[in-house]
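Following: one structure in structure tokens, then a few remarks.
None of the figures in this text is laboratory data; all of them are computed from the coordinates on show. Values in this document were obtained by computation on a predicted structure and should not be read as measured data. As a convention, Cβ positions derive from the backbone with ideal geometry for all residues, glycine included, and neighbour counts pool all protein chains shown.
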Amino acid sequence: MNRLARWIRGDWQITRWLKKSSPLNLLSKYKIFDNLRRSLFEISTIIAFIYLNIIGILYKKTIYPNILLLSIIVIFPFILEMINKIMFKKEGEQKQKTFTPKITGIQGALYRLVITLACLPYKAYISLKSIVKTIYRMLISKVHLLEWTTSEEAEKQAKTSLASYYNQMSINFLSGIISISLGLLKNNIFAGILGILWISAPLIMWYISKEEKGKKAIEKLNKKEQEYVLEIGRRTWQFFEENLTPENNYLIPDNYQEDRKQKVIPRTSSTNIGLSMLAVISAYDLKYIPLEKAVSLLTKIIETINELPKWNGHLYNWYNIKTKEPLSPRYVSTVDSGNLVGYMYVAKCAMETFLNGTNVPRRHFFIAKR
């Protein structure tokens with residue numbers, strides 16, 4: 001919501017670009033206008049709810065169908081999404097396996113539908129507050145127009161207790177009480193349900209925002225999922241195992257082509273070199289290779305790094321893995337060199353850990369140190 005408030009303020013601060021004298025083209029002006037329209041949607045919906053209820057009370061009109069239609073307009077994008085998921089699902093289509101904690105498909109659309117409707121009064125309040133604040137600062141105070149808080153800082157400052165959620169979303173609680181009262185007054189079940197949902201919104205938002213107790217990544221997966229991940233890791237390692245060879249001077253190729261004609265691209269970068277060292281360490285950690293092979297591969301990679309032509313001690317960005325010659329045009333990348341420094345430090349720490357208490361030749365240790 002803090003991010004949304006910042007975006008709305010930004011959109012309203014650039015309204016002057018809508019003038020005829022603005023050098024922007026019609027499409028750009030429409031985009032600005034459309035953002036302004038979006039920021040007014042929840043506000044307009046709440047005003048419509050209030051207006052319909054006033055009409056219903058003063059003129060004793062039945063407003064239930066109108067309130068229902070207004071609610072459907074709010075959640076219509078999610079209804080369309082669910083219909084699309086049901087009607088246009090391709091035969092044999094399978095959901096991609098992922099371990100990212102997200103809820104998708106019909107279930108995800110349904111949850112977002114409920115949350116959108118539940119937070120309607122609070123979102124309208126945030127939008128109205130942002131618009132009024134921006135107009136005041138643009139026309140009167142002329143200060144704090146670029147004021148904003150980073151997401152990280154906002155999270156640090158945020159209170160996470162249930163009471164703080166109800167305090168922050170008090171407009172939702174008040175709207176819920178009014179809606180329930182109107183429902184009882186007019187024998188409107190829908191108004192009562194909507195009121196209960198609005199009162200429950202802070203509880204819902206508090207619940208879904210709670211941090212999970214810390215777990216090791218592997219503990220979050222069941223046995224079948226663990227086997228799946230380890231198999232993916234083994235197949236990934238196979239690429240490194242097949243290409244970290246004397247013929248390639250223990251330099252990992254940047255990429256390879258699998259379909260049509262199998263082809264390995266005979267070049268590598270400093271980032272790739274560092275990544276190959278992490279792959280060796282990970283392969284040992286996952287028990288794909290024994291300690292001796294891991295130490296041997298790391299040593300050979302480091303020996304190759306020492307032999308590569310450099311500029312003032314820095315690796316060039318691209319090398320031919322067969323000849324170890326830098327590729328033209330020769331240049332040094334601060335990004336790739338930074339990656340390599342980080343990877344080399346991890347490799348050094350790993351080598352020290354590997355060699356403590358083992359009978360691996362100590363010359364490897366000195367190479368890692370260097």
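Structure summary
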| read-out | value |
| --- | --- |
| For region 238-308, alpha-carbon Rg relative to the globular expectation (2.2 N^0.38 Å, N residues) | 1.10 |
| Calculated P(r) tail over 22 Å for region 5-156, as whole % of Cα pairs | 62 |
| Debye equation applied to the C-alpha atoms of the chain, log10 I(q)/I(0) at 0.09 Å⁻¹ | -0.85 |
| Exposure proxy ranking, count of Cβ atoms within 10 Å, fewest first, for Ile196, Ile73, Ile46 | Ile73, Ile196, Ile46 |
| Neighbour net charge for Thr134 - beta-carbon separation under 9 angstrom, K R +1, D E -1 | +2 |
| Whole-Hz couplings from phi, Karplus 6.51/-1.76/1.60, listed for region 15-31; x for Gly and Pro | 4, 5, 6, 7, 4, 4, 6, 5, x, 5, 7, 5, 5, 5, 5, 5, 4 |
| Principal-axis tilt of helix 2-13 within the chain, Cα atoms, nearest 10 degrees | 70 |
| Spherically averaged projected area of region 176-303 from its Cα convex hull (nm²) | 15.1 |
| With Cα atoms, 0 to 90° folded angle of helix 334-355 axis to the chain main axis | 60 |
| Electrostatic dipole magnitude of region 218-369 [Cβ: Lys, Arg +1; Asp, Glu -1; Cα centre; debye, to 20] | 200 |
| Cα centroid separation, region 32-80 to region 144-206 (Å) | 18 |
| Helix-only CD estimate at 222 nm, as mean residue ellipticity for the chain, using -39500 (n - 2.57) per DSSP H run (n ≥ 4) | -21000 deg cm²/dmol |
| For region 218-369, the Rg and Dmax computed from alpha carbons only, in angstrom | 16.3, 50 |
| Fewest-first sequence of Tyr207, Tyr284 by Cβ atoms within 10 Å of each Cβ | Tyr207, Tyr284 |
| As computed over region 1-83, the Cα convex hull volume per residue (Å³) | 151 |
| Footprinting exposure proxy for Phe190, Phe76, Phe240 (fewest neighbouring C-beta atoms within 10 Å first) | Phe76, Phe190, Phe240 |
